[in-house]
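S.K.: This is the structure, below, for whatever I ask next.
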Amino acid sequence: MTSPFGPLVLIANPSAGRGRAAQALARIERVLTSRNLSYRIVRTTHPGHATEAARQALRDGERYLVAVGGDGTVHEVVNGMIEGGKPLAADAVLGVVAAGSGCDFARSFGLPGDAAQAAARLAGDQVQTIDVGTVTCADGETRCFVNIAQAGLGAAVVAKAAGFKGPGRFLGGARYPAAFWLALPRFRPAAVRLDADDQCHAWRAFNVVVANCRFYGGGMQISPNSDPGDGLLDILVMSGPKSDSFTTLPKVYKGVHLPHRNMAELRAGRLSVEAEPCFPVEADGELLGTTPASFGIIPGAIRLKV
């Protein structure tokens, strides 16, 4: 037997969460076997492998792809499901089993953080159609994202977290807060120009958040009003002093920091961001490049198993 969407293709990053994903696979397999779900496993070995595996599976006629890992694994699988600005297979389904150091994407949909519980949710036929964001950085390459992108301090924090060596590699969910405190003192605001659906704006700002979903950074509800199915991006421009970043932190975890006098809120289907000097850009926790950057939305591009 199998699911209504066909056999599952588990695309797993064994190194996610300091090896948590690899350890979780045995539990996941037991759950799938107990529910008579047919599956195969692709263990990724290098950056971009999950994207390659997802694309090949869809081209081979498989339709149920499951990202096993953190937000980075989800990011890569989604990029394999989209080609030329549209779904590679309109009837494909994305499942998510959170088994990395962080999977903020799953939080917006109430998906379990426990791998075995998340695997049990892969049975059945309930899906939710969601939008996919796009970002094109200065190098001209377009990538997709499903959760949150940032230009500015947030991307500098991601870069700092990615560069942790030695004991810093074992901080787990504490990597983002640790990287934040290390990146904050050196980061400088910039003159930022935005074009949101042909409406131009300018600020001296230190961060621009472009959100499809609500959570980032290990449970911070940075964009509490985001709806991943409304065909729009929620944009926050942080233009106050950098100290706002930590004075509002307790409220951000609860999602009660908005409205804020130093955070401009916009909603748009198309956005371009320029900064002088240039800002780094990240999406779904992956460092992608620098500004100038343009963002867009592909409405209803993914069917998510919920």
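The values are calculated or read from the model by the stated rules, or taken from the named source; none is laboratory data. None of the values given here were measured: they were computed from a predicted structure. No Cβ is skipped: glycine too gets one built from the backbone with ideal geometry, and neighbour counts run over all protein chains shown.
S.K.: Mind listing whichever residues of the range 258-306 are surrounded by fewer than 23 Cβ atoms within 10 Å (Cβ to Cβ), farther than 20 Å from Ala202 by Cβ and among the basic types (Lys, Arg)?
M.R.: Answer for the range 258-306, where residues must be surrounded by fewer than 23 Cβ atoms within 10 Å (Cβ to Cβ), farther than 20 Å from Ala202 by Cβ and among the basic types (Lys, Arg): just Arg303.
S.K.: For the subset of the range 138-149 comprising residues that are touching a Ser or Thr at 6+ places or on another chain (Cβ under 6 Å) and of a type outside the set (Gly, Ala, Ser), which member is surrounded by the most Cβ atoms within 10 Å (Cβ to Cβ)?
M.R.: The extreme case among them is Cys144.
S.K.: I would also like to ask the following. Where residues in the range 101-134 are assigned to a strand (DSSP E or B) and of a type outside the set (A, V, I, L, M), which of them is nearest to Asn147 (Cα to Cα)?
M.R.: Taking the candidates together, the pick is Gly133.
S.K.: Answer with yes or no whether Glu83 is farther than 26 Å from Ile298 by Cα and free of Cβ contacts under 8 Å to residues at least 60 places away in the same chain.
M.R.: no
S.K.: Going residue by residue through the range 76-98, is there one that turns out to be acidic (Asp, Glu), surrounded by 15 or more Cβ atoms within 10 Å (Cβ to Cβ) and not assigned by TED's automatic domain parsing to the domain that holds Pro228?
M.R.: There is at least one residue in the range 76-98 that is acidic (Asp, Glu), surrounded by 15 or more Cβ atoms within 10 Å (Cβ to Cβ) and not assigned by TED's automatic domain parsing to the domain that holds Pro228.
S.K.: May I pose another question? Could you run through the range 8-26 and say how many residues are in contact (Cβ under 8 Å) with a residue 40 or more places away in the chain and either crowded, with 16+ Cβ neighbours inside 10 Å or under 18 Å from the mean Cα position of the chain (by Cα) (or both)?
M.R.: 12
S.K.: Quick check on the range 45-74: of everything there that is farther than 23 Å from Gln126 by Cβ and crowded, with 24+ Cβ neighbours inside 10 Å, which residue is nearest to the chain's Cα centre (by Cα)?
M.R.: Here the answer is Gly70.
S.K.: Is there any pair linking a residue in the range 143-163 that is more than 15 Å from Phe215 (Cβ to Cβ) to one that is among the β-branched types (Val, Ile, Thr) and not in a strand (DSSP E or B), with Cβ under 7 Å and at least six apart or on different chains, and which?
M.R.: Listed pairs, sorted by first residue: Cys144/Val78; Ala151/Thr291.
S.K.: If you don't mind, there's one more thing I want to ask. Check the range 288-306 and report whether any residue there is outside any strand (DSSP E or B), outside the structural domain of Ser226 (by TED's automatic domain parsing) and touching a Leu at 6+ places or on another chain (Cβ under 9 Å).
M.R.: Yes, because at least one residue in the range 288-306 is outside any strand (DSSP E or B), outside the structural domain of Ser226 (by TED's automatic domain parsing) and touching a Leu at 6+ places or on another chain (Cβ under 9 Å).
S.K.: Across the range 27-44, what is the number of residues that are surrounded by 14 or more Cβ atoms within 10 Å (Cβ to Cβ) and on the phi > 0 side of the Ramachandran plot?
M.R.: Matching residues across the range 27-44 total 0.
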